[in-house]
1. Answer yes or no as to whether V151 is without any contact (Cβ under 8 Å) to a residue 24 or more places away in the chain and not in a helix (DSSP H, G or I).
2. For segment 137-152, does any single residue satisfy the condition of being over 25 Å from H248 (Cα atoms) and over 17 Å from the mean Cα position of the chain (by Cα)?
3. Looking at the structure I just gave you, is V171 closer than 15 Å to T290 by Cα and surrounded by 18 or more Cβ atoms within 10 Å (Cβ to Cβ)?
4. Could you give me the residue pairs with C-beta distances under 7 Å whose first residue belongs to segment 189-210 and is assigned by TED's automatic domain parsing to the domain that holds G278 and closer than 13 Å to M244 by Cβ, whose second residue is modelled with pLDDT of 95 or more and of a type in the set (F, W, Y) wherever it lies, and which are 6+ apart or on separate chains?
5. Check segment 164-171 and report whether any residue there is of a type in the set (D, E, K, R), within 20 Å of the chain's Cα centre (by Cα), in the same structural domain as H140 (by TED's automatic domain parsing) and within 24 Å of F141 (Cα to Cα).
6. For segment 187-213, how many residues are β-branched (V, I, T) and closer than 11 Å to P228 by Cβ?
7. Are any residues in segment 206-226 closer than 14 Å to P289 by Cβ, outside any loop (DSSP other than H, G, I, E, B) and either small (G, A, S) or more than 28 Å from the chain's Cα centre (by Cα) (or both), and if so, which ones?
8. Could you check segment 102-128 and list, in sequence order, the residues that are charged (D, E, K, R) and outside any helix (DSSP H, G or I)?
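The values are calculated or read from the model by the stated rules, or taken from the named source; none is laboratory data. All values derive from a computational prediction rather than experimental measurement. Counting neighbours? That spans all protein chains shown, and the Cβs are built from the backbone with ideal geometry, glycine included.
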Amino acid sequence: MDIKTVGIVGAGQMGNGIAHVMSLSGYDVMLNDVSKDAVQAGLAVIDRNLERQVSREKITADEKAMAMARISPVLALPDLGQCDLVIEAATERETVKQAIFEDLVPHLKPNTILTSNTSSISITRLASRTDRPEKFMGFHFMNPVPVMKLVELIRGIATDAETFEACKAVVDKLGKTAATAEDFPAFIVNRILMPMINEAVYTLYEGVGSVSSIDSSLKLGANHPMGPLELADFIGLDTCLAIMNVLHDGLADTKYRPCPLLTKYVEAGWLGRKTQRGFYDYRGEVPVPTR
């Protein structure tokens, strides 16, 4: 299948990043969100990030202009129905994703491929709520999308070979690398990454180390570019907790039990960078540990 038009549901951190790389690679993009303000905010982020690439001479000003011209803001979900490929990039809650697919499916072309950018939720289960489980798969980009080279491609139990190959061709055209993952909770990256972050939170919770000592230890002792608590703030503590709950529920193993301190931060609304407070307080000029 020759994919030319890509619909993206969600203009937030992941959705606007996906729209950015898709449009830059020559795809016509329809960007949707729940409000005009949300879509405009997403477009503003794309514009800034493309301009940063121009200033660093990664792309030309003409390439930026053409990329922005390929993105169309869309407020009505049914308007994405004529796209060749739809990527759902809404919040990491299964009920939200299911509601989006139920609203979208009646308007899709028969050959439209439907995908989810979910970082942990069962592709088979999401696909089963649609009319095209054979044309449904996981299309998981890493954050930040314009920078990160990996895309996890996850087949559900019914995903056919043609759908997989079409999505693999898109990844290749983006200049990214595809990793094929089986449909088990959190797939590959988050199956490994999130328990490490959760263990770092336990290390803080149990008083083994402070926020700064834990992050410094992993950066300097394991050569990680970002400490695990700093990374958790970047990802969003609510997202980290959601993925740990998917692992815990899906694999029924106590080693995936979310740390109570992670739950407490989420209950407080301290979700990391996006709320200005998490394991660090970002309201000043320099981030300050909150514990």
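1. It is false that V151 is without any contact (Cβ under 8 Å) to a residue 24 or more places away in the chain and not in a helix (DSSP H, G or I).
2. No: segment 137-152 contains no residue that is over 25 Å from H248 (Cα atoms) and over 17 Å from the mean Cα position of the chain (by Cα).
3. Values: closer than 15 Å to T290 by Cα: no; surrounded by 18 or more Cβ atoms within 10 Å (Cβ to Cβ): yes.
Against the criterion (closer than 15 Å to T290 by Cα and surrounded by 18 or more Cβ atoms within 10 Å (Cβ to Cβ)), V171 does not qualify.
4. P195/Y256
5. For segment 164-171, residues of a type in the set (D, E, K, R), within 20 Å of the chain's Cα centre (by Cα), in the same structural domain as H140 (by TED's automatic domain parsing) and within 24 Å of F141 (Cα to Cα): present.
6. Within segment 187-213, the subset β-branched (V, I, T) is 188-189, 192, 197, 201, 203, 208, 211.
Now narrow it down to the ones that are closer than 11 Å to P228 by Cβ: 197, 201, 203, 211.
Total satisfying the criteria: 4.
7. Passing the criteria: S212, S213, S216, S217.
8. The answer is K109, and nothing else.
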